[in-house]
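The structure under discussion appears below in the form of structure tokens.
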Amino acid sequence: MVEIRFHSLGGQGAVTLINMLAQAGDLVGRKVQAFPFFGAERRGAPVMCFLRMDDKEIALRSQIYKPDFLVIMSPSLIDAAIEEGTKEGTTVLINMAEEEARSRTADLPFAVYSVDATPIALDLGMEVEGLPVVNIAFLGAVSYMTELVPLEAVTEVLREKMPPSRVEASMEAARRGFTSVVEIRKSKAASRKERKSAVS
């Protein structure tokens with residue numbers, strides 16, 4: 001079983017993100033479990049979401065305290081996300097430009113990846129009340145980093161779920177998220193450069 005915990009701000013689209021990832025997992029035959037945890041339900045407030053995937057039925061119903069992957073959709077949440085719990089072997093994906101990520105995460109003892117999702121959202125007009133909605137870029141980035149669901153399954157979900165007027169932009173955001181992930185600190189996983197270049 002693979003466990004992923006997401007930390008975002010209200011309005012960034014994390015709940016939609018985990019639901020789309022769960023649907024993509026279902027398309028490729030995985031058993032999935034996805035659920036959010038809200039504090040104050042308002043735009044800009046911290047939100048945690050949880051996603052589990054396995055090849056067999058998932059019996060656990062708890063929050064995820066020691067995730068395999070930790071996805072941080074706002075740089076302001078780095079400390080809170082780490083304090084919420086990790087384990088040896090946790091891999092972190094953070095919404096940040098490469099140089100800033102190298103500086104801000106230098107002391108973290110984890111494999112770290114970054115994706116600069118905010119400019120992707122802004123470039124493609126994905127804003128609500130001035131807040132960039134980065135979830136679709138993260139849909140591609142999580143596909144790339146975790147290898148749990150292929151980009152083809154992600155795009156199939158987008159075709160089904162997004163309004164027709166937003167399908168093309170959404171698929172582009174996911175593709176850019178997939179191809180823009182940068183390895184900040186080495187992990188033990190095999191190189192993924194071949195998969196990234198294949199969709200560039």
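Some notes on this structure:
- Spans of helices (runs of 4 or more DSSP H) in segment 111-200 with at least 2 residues polar (S, T, N, Q), surrounded by 14 or more Cβ atoms within 10 Å (Cβ to Cβ) and at pLDDT 95 or above: 135-146, 164-180
- Residues of segment 93-110 that are part of a loop (DSSP other than H, G, I, E, B) and either touching a His at 6+ places or on another chain (Cβ under 7 Å) or modelled with pLDDT of 95 or more (or both): Met96, Ala97.
- Qualifying residue in segment 73-80 (condition: touching a residue at least 40 places away in the same chain (Cβ under 8 Å), outside any helix (DSSP H, G or I) and hydrophobic (A, V, I, L, M, F, W, C)): yes
- Taking the criterion of being surrounded by 21 or more Cβ atoms within 10 Å (Cβ to Cβ) and either without any contact (Cβ under 8 Å) to a residue 24 or more places away in the chain or out of contact with any Phe, Trp or Tyr (no Cβ under 9 Å at 6 or more places or on another chain) (or both), the residues of segment 1-20 that qualify are His7, Met20.
- Against the numbered list (1) at pLDDT 95 or above; (2) assigned to a strand (DSSP E or B); (3) in contact with a Cys (Cβ under 8 Å, 6 or more places away or on another chain), Leu17 comes up short only at (2).
- Matching residues in segment 38-82 - criterion: being within 19 Å of the chain's Cα centre (by Cα) and among the β-branched types (Val, Ile, Thr): Val47, Ile64, Val71, Ile72, Ile78, Ile82
The values are calculated or read from the model by the stated rules, or taken from the named source; none is laboratory data. Treat the numbers as computed from the prediction; the structure is a model and nothing was measured. No Cβ is skipped: glycine too gets one built from the backbone with ideal geometry, and neighbour counts run over all protein chains shown.
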